[in-house]
Structure formats: structure tokens, C-alpha cells
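Only the coordinates and a few stated rules stand behind these numbers; no lab work does. Small disclaimer: the values here were computed from a predicted structure and weren't measured. Quick reminder, even Gly has a Cβ in these numbers, built from the backbone with ideal geometry, and neighbours come from all protein chains shown.
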Amino acid sequence: ERIDFSKVNPETLGVSDPRYNRVIEMMLSEGYVTGFHKIPIAGQSYNSYKAINPNITLTGISFLSQNKPSSKAYEILKEIRDWIPGY
């Protein structure tokens, strides 16, 4: 499905513009998302990004599935079970 990216911005996410753009930059560099165009702005210490055709990659989907709170809780409980002798 298409994401309505007009609703994904610093204001609706409750973060500053620099933080928003740095997170986009990190997601791009890690290969979690594609479809953003870098917009360097003179005098700004960070790049801005414009969503052209944003998509999550397989790497991004894998990251999300491995980092869900329920996945983390399951792994922690599984590890605790392994610590209990005779279980």
C-alpha cells in the first residue's frame, strides 16, 4: 500500500526538523528505506530529505520484525527459561 507521507513529518512525529532529517539519513544509510532525495541547504549542519517514492526495504522489514516489543519479550523469556535448570 502507499503511505500518505504528508502525515509523516517532524510536526506530527513531535521531533525537531534536524532530528527528523538525521533519522531519515540513518535509515537510508542502513538500507532500511529508499525513495528519498537529499537536499543540501547552505548554512545548515545537516541535509534535508524529500520523500519522492518512499519504500521500506526487506532489510527494514526484517529490522522491524526483530525489534518489536513482543519479539524482544519473547526472546528475553526464552533466555530466562534456558537459565532455569531442568526446564
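Miscellaneous remarks
- Net charge contributed by nearby residues that have their C-beta within less than 13 Å of E11 (K/R +1, D/E -1): +1
- Between E11 and K68, the modelled labels are 3.3 nm apart [label points 7 Å from Cα along Cα→Cβ].
- Net charge of the neighbourhood of Y49, taken over other residues with C-beta under 9 Å away and scored Lys/Arg +1, Asp/Glu -1, is +1.
- Normalised by the number of residues in segment 8-72, the average gap of Cα pairs under 8 Å and 6 or more apart makes the relative contact order 27 percent.
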